[in-house]
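Worksheet for the structure shown next.
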Amino acid sequence: MAGAITRGVLFVHSAPRALCPHIEWAAGGVLGVRVSLDWIPQPAASGMYRTEFSWQAEQGTGARLTSALRGWAHLRYEVTEEASPGVDGGRWSHTPELGIFHAVTDVHGNVVVPEDRIRAALDAGQGDPVVLVRELDLALGRAWDDELEPFRYAGDGAPVKWLHRVG
């Protein structure tokens, strides 16, 4: 019996040109169909390319796509999977420096932080707001969002502005 069908999106934020056909092959292997993606230059990273691909498949496909792409050098990507009857959605974010972050998402795409994770953050903080904020940022995947945001924004065709901290 086949599982319930859901939808999602594979966002490749930056990939070297040589890796693009391998990404198509890996995604096609997971989805069971030939995948041909439209690659465009990524303005946030010279020599890199980006693409987006909407998919429809069985629940759990988001995790399988993420696993098929993990560990590849110079690859930044995100995979989303919509919530479906009886199953929460998910978002997987990957950067070469940070690896993979996974979050459960609700029907609106919001990150859901489980009660136990919040309790662990409170316990780790033990009244220290700096530690509490650090733990909650980790639970929300803030480092991944911070690193991916220039690539997401550039993907909308917007000019990239790099700000550097001084002092």
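The values are calculated or read from the model by the stated rules, or taken from the named source; none is laboratory data. Just so we're clear, the structure is a prediction, and the values are computed from it rather than from any experiment. Here the Cβ is made from the backbone with ideal geometry for all residues, glycine too, and neighbour counts use every protein chain on show.
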Scope the stretch 102-146; condition assigned to a helix (DSSP H, G or I) and in contact (Cβ under 8 Å) with a residue 24 or more places away in the chain; matching residues: A139, L140, A143, W144, D145
Can you tell me which residues in the stretch 27-39 are surrounded by 12 or more Cβ atoms within 10 Å (Cβ to Cβ) and either of a type in the set (A, V, I, L, M) or more than 21 Å from F151 (Cβ to Cβ) (or both)? A27, G28, G29, V30, L31, V35, L37
Considering only the stretch 10-36, how many residues are in contact with an Asp or Glu (Cβ under 9 Å, 6 or more places away or on another chain), farther than 16 Å from A73 by Cβ and modelled with pLDDT of 95 or more? 2
Of all residues in the stretch 59-73, which are surrounded by 14 or more Cβ atoms within 10 Å (Cβ to Cβ) and either on the phi > 0 side of the Ramachandran plot or acidic (D, E) (or both)? G60
Consider the stretch 70-101. How many of its residues are of a type outside the set (K, R) and in a loop (DSSP other than H, G, I, E, B)? 13
Do the conditions hold for E24, that is, is it in a strand (DSSP E or B), more than 16 Å from W144 (Cα to Cα) and of a type in the set (D, E)? no
Which residue out of P114, P43, P96, P85 is more than 23 Å from W144 (Cα to Cα) and not aromatic (F, W, Y)? P85
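Residue under question is T6, and the condition is that it be touching a residue at least 60 places away in the same chain (Cβ under 8 Å) and not small (G, A, S); does it hold?
The answer is yes for T6.
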Here the qualifying pairs (Cβ atoms under 7 Å; residues six or more apart or on different chains; first in the stretch 48-71 and within 16 Å of I100 (Cβ to Cβ); second outside any helix (DSSP H, G or I) and among the β-branched types (V, I, T)) come out as G62/V79; G62/T80; L65/V79; T66/V79; T66/I100; R70/I100
Residue check: is T6 in contact with a Ser or Thr (Cβ under 6 Å, 6 or more places away or on another chain), of a type in the set (S, T, N, Q) and in a strand (DSSP E or B)? yes
Selected residue (only one of A103, A154 is modelled with pLDDT under 95, of a type in the set (A, V, I, L, M) and surrounded by 14 or more Cβ atoms within 10 Å (Cβ to Cβ)): A154
From the option list A57, A63, single residue qualifying as touching a helix residue (DSSP H, G or I) at 6+ places or on another chain (Cβ under 9 Å) and under 27 Å from L19 (Cα atoms) is A57
